[in-house]
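A quick write-up on the structure given underneath.
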Ligand SMILES: Cc1cc2nc3c(=O)[nH]c(=O)nc-3n(C[C@H](O)[C@H](O)[C@H](O)COP(=O)(O)OP(=O)(O)OC[C@H]3O[C@@H](n4cnc5c(N)ncnc54)[C@H](O)[C@@H]3O)c2cc1C
């Protein structure tokens, strides 16, 4: 993975930059000792690492604005960071950057049930947004599997999704407003406690902008009343293609489950060994969850069972209690940790049209054989968001490169069948060099011009999203 050469001027100015940061922030909010900054050298894409120049941990929008003004004036790149769980390398530092972490900005600023919203500082974790309102019967719908750790800041930057986004949509569908600090320190507010805003949809541009346009410090989020109940059913099948066809049939029938999750045999086996969730010995497994009033749940599940029965399932297990539901979800929720226990892995994130699932799974199996690397598939099948997990051995020379090449083939396949490079994890550095597969030069130029407007000096997270060769002249200033 190529990264730009650090700016020698910035590197040699380190002492002055640190002194400037210390003049703005309390002592404990500036980290410059290389032993301590090392904790920030990577995110969830741990194959790539680089220790930053410094890390700052502000507590307020004003402190963020002060840091941005200083970095802008001194020409220092800034890499915004939430909890560092990005699987695309979005929060990976460069050697000449200041990492701006919002992890200390966790306050709930406003709770307004009449208008179904909550306003939080952006460092608050996803799960603790629900935690702040669930006692009153509310929840925040987007639910990345990393929700215990990941921050709303990162969710907004990556437009994150999760298992339940089939029904509730992804972050952008649940985001009402943001406060953003621009690279030169100006503070802007987009959207607010209401639906839509007059003027251009800049909120839509910020959501999914991967820390390229500004630092989000506060967010107004849509909250929803908790559903009366939810129940998953576990369906086992004799072949991936059959499970894929069952997913397509459920969607075609006009049923909208809250989640349809898919696991293939390699994934089922590893998860079962790890979580002991009682999964059947089969080629492919679906977890389909529906929710609503008891009658509604029964009616939806009986339709789903009738569709599944047409595909000769080897197992059909409907949960009858909260404990059984928990066990059905247990393996799926611990899939990434389970795979991480047996191998190094890279988690891909392409989307495909749902009806292409059987073909794409077959082709991934062929590619896995060709490259000699195991691939476990676990993904949000209802909306065609695939997460092939390529297993490799970081200690075997050449294995990482082989893994990267296989990953690129799989993502190109997703684009070729009418899908796209990323469903919810973002481009980061992982898919940066594949952007040309998805976009024509003119498309990319239009996107880069948006960055030109927000960040004319290209100081914010500058080595991400767009291929380095395409951005070289802009980054050079
Ligand atoms: C085990 C595991 C499971 C996961 N499951 C899912 C899943 O189901 N769905 C899903 O969508 N993702 C998933 N992810 C990926 C990851 O958790 C999400 O992308 C998440 O939104 C990242 O949040 P974060 O706070 O960790 O962001 P970080 O990793 O810190 O940063 C991510 C990006 O956001 C930018 N950023 C961070 N803070 C700000 C800010 N204040 N302003 C502007 N930009 C900012 C960064 O520069 C970077 O580009 C998973 C990750 C792991 C490790």
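The values are calculated or read from the model by the stated rules, or taken from the named source; none is laboratory data. Since this is a predicted model, take the numbers as computed values, not measurements. Positions of Cβ are generated from backbone atoms using ideal geometry, with glycine treated the same way; all protein chains shown enter the neighbour counts.
Within region 277-293, if we keep just the residues that are in contact (Cβ under 8 Å) with a residue 24 or more places away in the chain and in a loop (DSSP other than H, G, I, E, B), the residue that is surrounded by the most Cβ atoms within 10 Å (Cβ to Cβ) turns out to be 279.
Considering only region 360-379, how many residues are buried (at least 20 other Cβ atoms within 10 Å of the Cβ), within 25 Å of residue 249 (Cα to Cα) and in contact with a strand residue (DSSP E or B) (Cβ under 8 Å, 6 or more places away or on another chain)?
Taking region 360-379 and keeping what is buried (at least 20 other Cβ atoms within 10 Å of the Cβ), we get 360-361, 364, 368, 373, 375-379.
Among the residues that remain, those that are also within 25 Å of residue 249 (Cα to Cα) are: 360-361, 364, 376-379.
Then drop every residue that is not in contact with a strand residue (DSSP E or B) (Cβ under 8 Å, 6 or more places away or on another chain), which leaves 361, 364, 376-379.
The total comes to 6.
Residue 301 meets each of the listed conditions (1) modelled with pLDDT of 95 or more; (2) in a strand (DSSP E or B) apart from (2). Going by the structure shown, is residue 357 buried (at least 17 other Cβ atoms within 10 Å of the Cβ), away from the ligand (no atom under 16 Å from the Cβ), modelled with pLDDT under 95 and over 17 Å from residue 144 (Cα atoms)? It is true that residue 357 is buried (at least 17 other Cβ atoms within 10 Å of the Cβ), away from the ligand (no atom under 16 Å from the Cβ), modelled with pLDDT under 95 and over 17 Å from residue 144 (Cα atoms). When region 149-193 is examined, which residues are found to be surrounded by fewer than 18 Cβ atoms within 10 Å (Cβ to Cβ) and within 9 Å of the ligand (Cβ to nearest atom)? Across region 149-193, the qualifying residue is only 149. Going by what's in this entry, would residue 105 be described as surrounded by 22 or more Cβ atoms within 10 Å (Cβ to Cβ), under 26 Å from residue 53 (Cα atoms) and more than 13 Å from the chain's Cα centre (by Cα)? So residue 105 fits the description; yes.
Please count how many residues of region 248-268 are assigned to a helix (DSSP H, G or I), within 25 Å of the chain's Cα centre (by Cα) and surrounded by fewer than 24 Cβ atoms within 10 Å (Cβ to Cβ). Before the answer, list the steps.
Here is the first cut: in region 248-268, the ones assigned to a helix (DSSP H, G or I) are 248-252, 265-268.
In the following step, the residues that additionally are within 25 Å of the chain's Cα centre (by Cα) were identified as 248, 251, 265-268.
Cutting the leftovers down to surrounded by fewer than 24 Cβ atoms within 10 Å (Cβ to Cβ) gives us 248, 251, 265-266.
Selection size over region 248-268: 4.
Enumerate the helices (runs of 4 or more DSSP H) found wholly within region 25-133, keeping only those where 1 or more residues are within 14 Å of the ligand (Cβ to nearest atom), touching a strand residue (DSSP E or B) at 6+ places or on another chain (Cβ under 8 Å) and assigned by TED's automatic domain parsing to the domain that holds residue 158.
Working: elements: 34-37, 61-74, 126-133.
Result: 126-133.
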